[in-house]
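Have a look at the structure below, then the notes.
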Ligand SMILES: [Zn+2]
Ligand SMILES: [Zn+2]
């Protein structure tokens, strides 16, 4: 076992931002003040990992992970070596105007506003070295790596007995999806819900809506396998979307038919496709809430009547995650068997297969893939 004062060698899946994915050796520094070094055990694969290959930045991939604390830096309290943890990418500073408003998920430090005032949510410069080059980590986490080094606010200790594969998924897909239903939309018992896209995040929106007591949850996807999975997680109805329906007339018509020609109370767009951004507005009743989950990029045209009447629209990031509030809630919902996580995992990989894991996700072969980093902790993986 390395000493806390030493750099550690680590395999890492890296991109230079030109669409490439390289398996490389990096060195990870001892933690500085308010930092924690983690031996990563499991990392989930998310569509954002694919997108990040083309962001033009050299960095360690992966932002959904769990592992064991390997070393703690000065000033870190309440965390100890050997503790199992999951990681979040909100990493709130607790001091900026957004954190003061309770909007930890859009913390000004994490989002890079006023670095001269609030600093950065990244670990110290030079904490990850690729040869002699200091490189970044995706979302300041970079969990496709045997070791990572993170700010202490990225770390949530796990309850005893939780599997680290499940814990990894909590860090992005589960938090984003469940939080979009419970924190952002605040779905109420008896409300009707539609979810466009039943991938890793969409399934968790569906699950959040079920936990909230929605009376009808209409799932939509281009393929039938995700719709089957959606029913398992709580969807009451499934619409197999026609890809050649540019006006979405089929989806809109079917949702109306299922809701007495009324539209749903809340509709979510969980694909990240810009083309679908305003579809939720067409699915909700007057006064309904339309939510685009975690952003999409690209130009789309809106027509003001789309918003009529009294419809609200939001682009909600990370399910409104406040880590100190929400991760304990997720743990409790798992313990009460309301929140199902282990059965979201359909595929297991080693780090050397990170590229395969991403292509299986893109092709729809996998539901949710997990990359296992180290040897001794994944006895549960098939
Ligand atoms: Zn993600
Ligand atoms: Zn902040």
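Give the order of 26, 266 when sorted by the count of other beta carbons within 10 angstrom, beginning with the fewest.
So the ranking, lowest neighbour count to highest, is 26, 266.
On the beta carbon distance between residue 116 and residue 365, with R0 = 41 Å, the FRET formula returns roughly 0.35.
With both labels modelled 7 Å from their Cα along Cα-to-Cβ, the residue 302 to residue 125 distance reads 3.9 nm. Gain on full extension, evaluated as 0.36 nm per residue between residue 9 and residue 337 minus their Cα-Cα distance, stands at 114.2 nm. Per-residue extension of 0.36 nm, minus the Cα-Cα distance of residue 244 and residue 25, leaves a gain of 74.3 nm for this segment.
Computed from Cα atoms, the angle from the helix 224-233 axis to the main principal axis of the chain rounds to 80 degrees. What the Cβ-Cβ distance of residue 309 and residue 273 gives, at R0 = 25 Å and to the nearest 0.05, is a FRET efficiency of 0.40.
Separation of the range 1-59 from the range 100-122 is 22 Å, based on Cα centroids. Across every pair of non-identical alpha carbons in the chain, the mean reciprocal distance, once inverted, gives a Kirkwood radius of 21.1 Å. What the Cβ-Cβ distance of residue 50 and residue 80 gives, at R0 = 41 Å and to the nearest 0.05, is a FRET efficiency of 0.70. Each peptide in 61-67, 125-131, 50-56 gets a packing score, the mean of other Cβ atoms within 10 Å over its residues, and the list from highest to lowest is 61-67, 125-131, 50-56.
Helix 323-335 and the longest principal axis of the Cα set of the chain meet at an angle near 70°.
The sum of -39500 (n - 2.57) across all DSSP H runs of n ≥ 4, divided by the residue count of the chain, sets its helix-only mean residue ellipticity at 222 nm to -6000 deg cm²/dmol. Fewest neighbouring Cβ atoms within 10 Å first, the residues 136, 265, 326, 244 line up as 244, 136, 265, 326.
Let me check I have the definition right: for the range 175-319, take the eigenvalues of the Cα gyration tensor, multiply each by 5, take square roots. What are those semi-axes in whole Å, largest first?
Semi-axis lengths for the range 175-319 are 19, 17, 16 Å.
For the peptides 211-221, 83-93, 361-371, 248-258, residues were scored by their other Cβ atoms within 10 Å and the scores averaged per peptide; the highest-first order is 83-93, 211-221, 361-371, 248-258. Where both bridge residues fall in the chain, DSSP classifies roughly 55% of the beta bridges as antiparallel.
Helix 354-363: angle to the longest alpha-carbon principal axis of the chain, degrees 0 to 90, nearest 10? Approximately 0 degrees, to the nearest ten.
Coordinate-derived values only; no laboratory data. Because the structure is predicted, anything quoted here is derived from the model rather than measured. Neighbour counts are summed over all protein chains in view; Cβ atoms, including those assigned to glycine, are modelled from backbone coordinates with ideal geometry.
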